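Below is one structure, written out as structure tokens; comments come after it.
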Amino acid sequence: MPFLLQVMFLKRILKASIFVSLLLVQSLAYAEDSTESTEQTPAQIVQEIQTILTETQTAYKDKDSSTARLAAMDAYLVYEGIEPALINKDKELGKGLEQTFGKLQGQIKSDAPLEKVNTIIAELNAGLKKALPLLEEKMGFESQFINSFGIIVREGFEAILILAALITFLIKSKNQDKVRHIWIGVVLAVVASLFTAWLLETVFEMGAASREVMEGWIMLLAVVMLFWVSYWLVSKVEASKWQAYISGKMKDAIGTGNTFTLGMVAFISVYREGFETVLFYKALFIQAGESASGILPGFLFGCLVLVIVYFLIYKMGIRIPVKWFFIATSALLAFMAFMFMGKGLHELQMGNALSITPVTWAPEFAELGMYATIETFIGQVILLVAYIIAIAITLRSKLEGKVKPQTS
């Protein structure tokens, strides 16, 4: 790709980053003003959660599993109010508490021994005790900068991986003119994210459970789109006469429908975390108080890091042989689909839209979307089986193609 064209892409991304930051600051300023007067203190929220956990413990001890499970759900929904602020300070602790709340609901549902439920509640109380000083801690410029930088890099990294892979794919397949559809998807996703966050906070006042369910369904939609694109890429990998294929068939293969699909993947990849990112920044603004001078610089520096990551992936992708780049891109999208499947189902579970059945034999690694529940395990197994079938169909068609006589 010509150097001047690369510079043009960099300028586009930087302009988009600045544009997003301005919209973000305005949106957050409004959200902060509208909620500041009704905010509970962290100590009050933690106390409320612990009180509900005590009620959960009492109900379960009295063999009232239904009341205990509802109380456990209520405790988690109250925790959701402080989770973004806690994740900003300590992601491991914040996500760990979320998973522990899920375990509590699962153990109550499966009629686990009282001792096991008590142990989980004690673990939650210990985590909340550890979280309280972090939530009450005043934030200076350095802390604001680091937290702001961490949010945008953490939430944007997965999207950048997917966007860089898709754009490099289009360029390597001689479809530079289709790249604009990716950027259209990104811009629409940013606008939709800001608008959704505003709706959730000011119009619908959507509860934590409904928000979890919404996030879950968005992730599952992303799974469908990523599965389709990754399978489509693999189906285009042909060992023989590859360069001729690229210059001819690939341009025909990327028609209106597939271009729209790629744009939708870009949209969902950004939108999936977009409105939640806005809510994380809202929590950061509230924590920072009147002096929030470190948030915007941290956000812009994080955007710059993401731009650098994008170009590193792009440079590596351009140098990799075309066939292997397509295979690697397909593998990346398949991995993302696997991860989103687990996380999407987990969000539905935390929103009380899907049952939680804990198991001891399933692996648990939340960063990869793997949770020790039968529902998430089955969902990911189904996806893996679908990929195996899709690859088998692709290999079979290629073997059958080799049997046919080829013209020189």
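Bear in mind that the values in this text are calculations on the coordinates, not laboratory data. Predicted model, so just to flag it, every value in this text is computed and none were measured. When we count neighbours, we look across all protein chains shown, and the Cβ atoms used for this are built from the backbone with ideal geometry, even at glycine.
List, in the order given, every pair from K91/K343; K103/K282; K109/K130 whose Cα-Cα distance in the structure shown is over 18 Å.
From K91/K343; K103/K282; K109/K130, over 18 Å: K103/K282; K109/K130.
Applying the Karplus parametrisation 6.51 cos²θ - 1.76 cosθ + 1.60 with θ = phi - 60° to the phi angles of segment 51-68, what ³J(HN,Hα) value in whole Hz is obtained for each residue in order, glycine and proline being reported as x?
Result, ordered by residue: 5, 5, 5, 5, 5, 4, 4, 5, 4, 5, 5, 8, 6, 9, 5, 4, 5, 4 Hz.
Among the trypsin sites (Lys or Arg not before Pro) in segment 53-156, which ones are in a DSSP loop with at most 15 other Cβ atoms within 10 Å of the Cβ? Mind listing them? Present the calculation step by step, with values, prior to reporting the outcome.
Details: sites: K61, K63, R69, K89, K91, K95, K103, K109, K116, K129, K130, K138, R154; in loops: K63, K138.
Passing both the DSSP loop test and the Cβ count: K63, K138.
Sort segment 72-182 into rounded, prolate or oblate with this rule: let a ≥ b ≥ c be the square roots of the eigenvalues of the Cα gyration tensor; rounded if a/c is under 1.5, and if a/c is not under 1.5, prolate when a/b is larger than b/c, oblate otherwise.
Oblate, since a/c reaches 1.5 and b/c is not below a/b.
May I ask for the distance between the Cα centers of segment 173-198 and segment 73-119, given as a whole number of Å?
Centre-to-centre (Cα) distance: 35 Å.
Check which residues have an amide H placed less than 5 Å from T373's amide H, if you skip close sequence neighbours.
Sorted by chain and number, the residues that satisfy this are V359.
Two-decimal Rg/Rh of segment 40-136 from alpha-carbon positions, Kirkwood Rh?
Result for segment 40-136 is an Rg/Rh of 0.97.
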